[in-house]
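Trainee: Encoded as structure tokens, here's the structure I'll be asking about.
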Amino acid sequence: MLRGRGDPTMRIARGVTERASRTPDGPVSVRFAETASGIEVEAWGPGARWLVERAAAWCGAEDDDAGFDPGRGPVRDLWRRHAGLRIPRTGLTTERLIPVILEQKVTGNEARRAYRRLVTALAEPAPGPLGLVLPPDPERVATFPYYAFHPFGVERRRAEVLRHVCARAAWLDEAAALPIDAAKDRLATVQGIGPWTVAEVARLAFGDADAVSVGDYHIPNIVAWALAREPRGSDERMLELLEPYRPHRGRVQRLLEVSGISAPAFGPRMGPRAIDRI
């Protein structure tokens, strides 16, 4: 998932997605390009074979949307408009966890800036001709003292969660081979990982089309406004409105997110913080 236009690990243009990653077999750069007959995949580096063997899952081709047939209303309209939307499965747990932890309890701009600074500080070039930088190496991140994250704009709480998660990266990465519910249960045992983080990881790393981001600052309001024309919604109200779509609740969330629908803007907004200036 692209972390803003300045994300040095990923690049998206019309019909082409390029990404650097760390696989169990080693680093890789990959290019996915739309063609008349499907998607062409090129990969470079020690992890190339691993990724190519899983390219279909990465593109969402193994996403099972059978049985998702929403009745008349906004969800059906969005599904028709975005019929190509798929839930991918990367199988890379820790690689997804790192940017998601940086997103905890902060604005999107803060999280993207922190991730970009972390990647740039580690500055490991990805293999191949794409000119990308590898995502953070969990082994290196685990060795950082908490105060080393301060220049990235990350306070001690998130820094400690990152260090703890990266120290257990091998065990967490094994979760991708488990059934989805067991994989999510494993994530939830880690201190600092709550329902929101589990859902954000499960939807992309495990291909969980039912994962709902409980605890999000915006999603409950978007769901309440789109499905019930209520300008504000709680987690409980969001889950109530999404219940008819189980086991595709996460799919509905993604449809609403890509649609650009937003709840009426009034009341206080979450403001950015400059942790690195404190």
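Trainee: Report yes if V16 is without any contact (Cβ under 8 Å) to a residue 24 or more places away in the chain, farther than 30 Å from L227 by Cβ and either open to solvent by less than 30 Å² (accessible area, probe 1.4 Å) or not basic (K, R) (or both), otherwise no.
Mentor: Values: without any contact (Cβ under 8 Å) to a residue 24 or more places away in the chain: yes; farther than 30 Å from L227 by Cβ: yes; either open to solvent by less than 30 Å² (accessible area, probe 1.4 Å) or not basic (K, R) (or both): yes.
So V16 fits the description; yes.
Trainee: Starting from the range 49-68, keep only residues that are more than 21 Å from R246 (Cα to Cα) and open to solvent by less than 80 Å² (accessible area, probe 1.4 Å), then list their pairs with residues that are among the charged types (D, E, K, R) and in a loop (DSSP other than H, G, I, E, B) whose Cβ atoms are within a distance under 6 Å, requiring at least 6 positions of separation or different chains.
Mentor: Within 6 Å, the pairs are W50/D25; A56/E62; A57/R89.
Trainee: Right, here's the next one. Quick one: in the range 69-105, which of the residues that are open to solvent by 20 Å² or more (accessible area, probe 1.4 Å) and hydrophobic (A, V, I, L, M, F, W, C) is nearest to G192 (Cα to Cα)?
Mentor: If we take residues in the range 69-105 being open to solvent by 20 Å² or more (accessible area, probe 1.4 Å) and hydrophobic (A, V, I, L, M, F, W, C), then L85 is nearest to G192 (Cα to Cα).
Trainee: Check the range 91-103 and report whether any residue there is basic (K, R), within 19 Å of A211 (Cβ to Cβ) and either touching a Gly at 6+ places or on another chain (Cβ under 9 Å) or modelled with pLDDT under 95 (or both). I'd like the intermediate steps shown before the answer.
Mentor: Within the range 91-103, the first condition is being basic (K, R), and the residues that meet it are 96.
If we keep only those that are within 19 Å of A211 (Cβ to Cβ) as well, we get 96.
The next check asks that each one be either touching a Gly at 6+ places or on another chain (Cβ under 9 Å) or modelled with pLDDT under 95 (or both); those that pass are none.
No: zero hits.
Trainee: Which is open to solvent by less than 50 Å² (accessible area, probe 1.4 Å), closer than 16 Å to T94 by Cβ and in contact with a helix residue (DSSP H, G or I) (Cβ under 8 Å, 6 or more places away or on another chain), of A199, A209, A169? Give the steps one after another, and end with the answer.
Mentor: Numbers: A199 fails: closer than 16 Å to T94 by Cβ; A209 fails: closer than 16 Å to T94 by Cβ.
Exactly one of A199, A209, A169 is open to solvent by less than 50 Å² (accessible area, probe 1.4 Å), closer than 16 Å to T94 by Cβ and in contact with a helix residue (DSSP H, G or I) (Cβ under 8 Å, 6 or more places away or on another chain), namely A169.
Trainee: Does R116 fit the bill of being free of Cβ contacts under 8 Å to residues at least 24 places away in the same chain and among the basic types (K, R)?
Mentor: No, not satisfied.
Trainee: Pull up the range 129-148, narrow it to residues that are open to solvent by 40 Å² or more (accessible area, probe 1.4 Å) and among the charged types (D, E, K, R), then point me to the one that is nearest to A167 (Cα to Cα).
Mentor: Out of the qualifying residues, it is E139.
Trainee: Something else now. Grab the helices (runs of 4 or more DSSP H) fully contained in the range 38-90, keeping just those with 2 or more residues being under 30 Å from T23 (Cα atoms).
Mentor: Values: elements: 48-53, 55-58, 74-81.
Fully inside the range 38-90 and qualifying: 48-53, 55-58.
Trainee: Please work out if R158 is at pLDDT 95 or above, open to solvent by less than 20 Å² (accessible area, probe 1.4 Å), under 21 Å from the mean Cα position of the chain (by Cα) and farther than 30 Å from W44 by Cβ.
Mentor: Details: at pLDDT 95 or above: yes; open to solvent by less than 20 Å² (accessible area, probe 1.4 Å): yes; under 21 Å from the mean Cα position of the chain (by Cα): yes; farther than 30 Å from W44 by Cβ: yes.
Considered against the rule, which asks whether it is at pLDDT 95 or above, open to solvent by less than 20 Å² (accessible area, probe 1.4 Å), under 21 Å from the mean Cα position of the chain (by Cα) and farther than 30 Å from W44 by Cβ, R158 comes out as yes.
The values are calculated or read from the model by the stated rules, or taken from the named source; none is laboratory data. These numbers come from a predicted model, not from an experiment. FYI the Cβ positions are ideal-geometry reconstructions off the backbone, even for glycines, and counts take in every protein chain you see. Just so you know, the surface numbers come from the protein's heavy atoms only, side chains and all, with ligands and any DNA or RNA stripped out. Shrake-Rupley method; radii C 1.70, N 1.55, O 1.52, S 1.80 Å.
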